[in-house]
Amino acid sequence: MSHFSKINATITDEEAMRAATQRMGLSLIPNGKCRYYYGTERADLLVKLPGDYDVALMKEGDHYSIKADFYGGHVAKYVGADAGLLTQSYAVEKAKMEAYKKALAVTETKDGSDIILTFTDTETGGQMIAICHEGGKIDIRTQGFPGQSCMQFKDLEAALGNLEEFKPTMEMYEAEPINGAEYIRDALE
């Protein structure tokens, strides 16, 4: 392993949220009217739910905050307690979008309530594994990257949210292998 990271997903990307709601069988409506027990309110983005209540995403600077009436369990039935399933779905979709930008191969598996994404660099065979937990916590580990080449994924990790922890491993400090032809060419110049 080259390094481990812990990230708390931050909702910043409308396109990724649209993919997340579609994944959950819901729809996302810009400037929608969010229904609460106590009335309605205009939402920057509205997650339309069946029944009487919805979820509002309100723009706060560079990110969105989630606002909903969680009393009685109606909203949680569709998006999880405190919208944890919605945030997890967002983290998965945002991670996949960022991986595709880097031309990484992506596989998705499920382990209990966790969704595991494996991103493979087809050139090096190195992998980045992202475990997306309900609630938006993401555990990341990289493996198979010599030296500090795993750091090419720091921008991908940063796009997912707030970095809470970063731990390099011994693999990160190992020297990168030298291509023999490059070594000879460099020595002759």
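Let a ≥ b ≥ c be the square roots of the eigenvalues of the Cα gyration tensor of segment 23-71; is it rounded (a/c under 1.5), or, if not, prolate (a/b larger than b/c) or oblate?
oblate
So what's the net charge close to R35: Lys and Arg +1, Asp and Glu -1, counting the other residues with Cβ under 14 Å from its Cβ?
Residues close to R35 contribute a combined charge of 0.
Rounded if a/c is under 1.5, else prolate if a/b beats b/c, else oblate: with a ≥ b ≥ c from the C-alpha gyration tensor eigenvalues square-rooted, which is segment 50-113?
It comes out oblate by the Cα gyration axes.
We did not get these values from a lab; they are worked out from the coordinates using the rules stated. Just so you know, these numbers come straight off a predicted model, no measurement behind them. Cβ coordinates were reconstructed from backbone atoms using ideal geometry, including for glycine residues, and neighbour counts include every protein chain displayed.
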